[in-house]
Every structure is written in structure tokens, then in C-alpha cells.
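Report on the following structure.
Laboratory data are not the source of any read-out in this text; all were calculated from the coordinates shown. Note that the coordinates shown come from a computational prediction; the quantities given were computed from them, not determined experimentally. With ideal geometry, Cβ positions are generated from the backbone for all residues, glycine too; neighbour counts draw on all protein chains shown.
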Amino acid sequence: MKKSNLNSVSVIGLGYIGLPTAAMFASRQVKVVGVDINRHAVDTINEGKIHIVEPELDMIVHAAVTEGYLRATTRPEPAEAFLIAVPTPFSEGYKPDLAYVRAAAESIAPVLTKGNIVILESTSPVGTTEQMVEWLSAARPDLRFPQPGATEVDVHVAYCPERVLPGHVVRELVENDRIIGGLTAACSERAAQVYRVFVTGDLLFSNARTAEMSKLTENAFRDVNIAFANELSLICGKLDIDVWELIQLANRHPRVNILQPGAGVGGHCIAVDPGSSSTRRPRKRA
Ligand SMILES: NC(=O)c1ccc[n+]([C@@H]2O[C@H](COP(=O)([O-])OP(=O)(O)OC[C@H]3O[C@@H](n4cnc5c(N)ncnc54)[C@H](O)[C@@H]3O)[C@@H](O)[C@H]2O)c1
């Protein structure tokens with residue numbers, strides 16, 4: 001039995017984040033149109049299969065496609081909510097490359113209508129959501145987007161980062177607490193309505209800039225702590241000390257909790273799209 005008032009969602013970017021997210025909505029009987037520029041991904045999903053490796057996801061996608069709740073395409077179509085989960089890598093000189101976000105925003109602009117919400121999920125430098133609004137506004141001057149001082153808004157916009165662990169995405173998408181960073185309080189409320197469809201974790205209300213910075217902070221924290229364990233391993237190798245024993249002993253301190261050393265920072269997130277610090281000045285609250 002469908003529990004929400006949300007009827008249609010479009011997820012832009014059907015990779016490790018976008019496809020499981022699309023599948024979660026579809027499994028709650030919301031009509032989902034997934035959009036990806038990768039024709040192979042689109043064709044595979046429409047066959048009820050998956051092009052990525054993630055436990056349990058194949059069964060959920062197969063059921064969603066077979067029951068008609070999930071469909072993939074290369075061209076955006078109208079929907080009530082748009083979620084963007086495209087790559088945000090570094091380019092030369094560790095500059096964040098927002099070309100994918102811009103392309104995704106500009107691709108959905110023609111199909112946006114009054115009452116829509118656009119949510120950016122990609123790990124992004126602070127200010128990206130505001131930048132996205134500028135790209136959307138330029139493409140659709142007929143629609144009112146959240147701007148400082150604006151009281152009337154046609155399309156709500158929010159930043160809601162993803163923090164799932166590959167291999168456990170299906171469970172964590174549902175159970176993890178989620179930051180809801182609307183450009184305005186009304187945007188946050190709309191975004192929360194979208195995630196309430198399948199999220200059982202807490203929805204933590206904030207604003208877009210804080211949400212963007214929180215995701216970068218979480219990634220930096222993980223990166224530094226993994227690096228600390230790995231540095232210890234290198235030092236112990238030189239000093240002929242068993243690093244596992246060392247960490248076990250140190251962790252008996254009531255306020256020390258060192259991670260286990262490994263091959264380095266891995267996964268599809270921190271090592272790929274680590275994010276960046278702010279590229280834009282803070283704006284005044286609307
Ligand atoms: N994978 C993770 O564990 C994880 C966790 C948290 C956050 N993130 C962040 O989420 C974002 C997406 O990561 P991912 O791992 O899903 O990436 P991914 O590379 O697996 O998937 C991205 C998808 O977007 C598609 N794409 C690119 N440009 C597009 C466009 N203009 N329109 C439609 N589709 C487009 C690509 O073809 C690809 O299929 C990144 O910012 C990443 O840092 C990832």
C-alpha cells in the first residue's frame with residue numbers, strides 16, 4: 001500500500017548512489033524515471049538488471065522494473081521531484097569539477113514546472129546548490145527559484161548529501177540519518193517530504209551551505225582517520241612493532257578509537273569525489 005503523496009520522482013545519474021535511491025522510491029510504489037547519459041546503464045536497468053555491484057539491489061531493481069515503477073531513459077521527463085546524483089570529481093589543480101552538476105541541472109531545466117523540487121545529492125563544494133539555482137534560473141527565467149529575499153517560489157531547491165557505505169547501501173539508505181539542507185525552510189520541508197517516503201533514520205534540518213560543509217567534513221574526518229591508522233602501520237613497520245597489537249592496546253584508552261590500517265582510502269566516494277572547500281562567498285539568508 002502506497003503511503004506518501006509523492007507520485008513521481010526523477011533521479012539524474014544512475015550510479016552507485018542514484019540507482020539504489022531510484023530503486024528505494026520505486027519499491028515504495030512511487031513512479032520513478034531514472035536518467036543517465038550512459039546508454040548501457042539505461043538499457044541494462046530497463047531489462048531489470050543492474051550495471052553496478054551492490055548486494056540485494058539486483059532483486060529490488062528487477063521487481064521495480066517488472067512492476068512498472070522504475071524506468072530508465074537518457075532524456076529527462078517531467079516529475080514532481082528531481083534528485084541529482086552525478087559525479088563531482090576534481091579537475092587539474094584539485095579544483096572541483098562541477099560540469100556534471102551543471103549538465104544535469106541544465107538537462108532537467110526544460111521539463112521543470114511550478115511545484116517541483118530539485119535536490120542535489122552529489123558531494124559538492126560549499127555554494128554549489130546556490131550555483132545550481134543560478135544555472136536553473138538562467139535556463140528558466142519564467143520560474144521563480146529560491147533567492148535571497150524572495151517570498152514566492154515556484155521550484156524548491158535543497159542539498160541532501162548521501163553517506164551510505166558501499167556493500168550496505170540498501171540498508172543504510174533507509175536507516176541512516178539524513179541531512180536536509182534547503183535553501184529556505186520551505187525547501188527543507190519539501191525535501192523532507194520526499195525522503196520520508198523511505199527513510200526511517202532521523203531527518204536533520206539545516207540549510208544548504210551547512211549540509212554541503214557537513215558532507216565535506218564527514219569525508220575529511222574519515223580520510224584523516226584512515227590515514228592516521230595507515231601512518232601508524234608504516235611507522236610500526238620501520239620500528240618492528242605489531243601495529244594490530246599497538247592499536248588494540250591504544251584503543252583500551254577510554255577516549256581513543258583508532259581504525260584498522262588497510263590499503264588506503266577506498267570505495268566510490270571519498271577516494272573519487274572528495275569534495276572541496278568553499279568556492280563562493282556566503283550569501284544572506286532568504
Ligand atoms: N558511491 C558512494 O559511496 C557515495 C557516497 C556518498 C556520496 N557519493 C557522491 O554521490 C555522487 C554520485 O556518486 P556515484 O558513486 O553514484 O557516481 P557514479 O559514477 O557511480 O554514478 C554517476 C552516474 O551519473 C551519470 N551521469 C553523469 N553525468 C550525467 C548527466 N548530465 N545526466 C545524467 N546522468 C549523468 C554517469 O553516467 C553515472 O552513471 C558523487 O558526488 C559522489 O561523491 C557517493
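Miscellaneous remarks
- Ordering of 8-16, 132-140, 208-216, 263-271 by packing is 8-16, 208-216, 132-140, 263-271, highest average first (other Cβ atoms within 10 Å, averaged per residue).
- Residues whose placed amide H lies under 5 Å from that of Asn116, excluding near-sequence neighbours: His156
- Sequence-distant residues sharing a close amide H with Leu70 (under 5 Å, placed H): Val32, Val65
- Among the lysines of the chain, pairs that are 8 or more positions apart or on different chains and have alpha carbons within less than 29 Å of each other number 13.
- Rounded to whole Hz, the Karplus (6.51, -1.76, 1.60) HN-Hα couplings of the stretch 148-163, x for glycine and proline: x, x, 6, 9, 9, 10, 8, 10, 7, 9, 8, 10, 10, x, 9, 9
- Amide H contacts under 5 Å for Leu204, placed H, 5+ residues apart: Arg178, Ile179, Ile180
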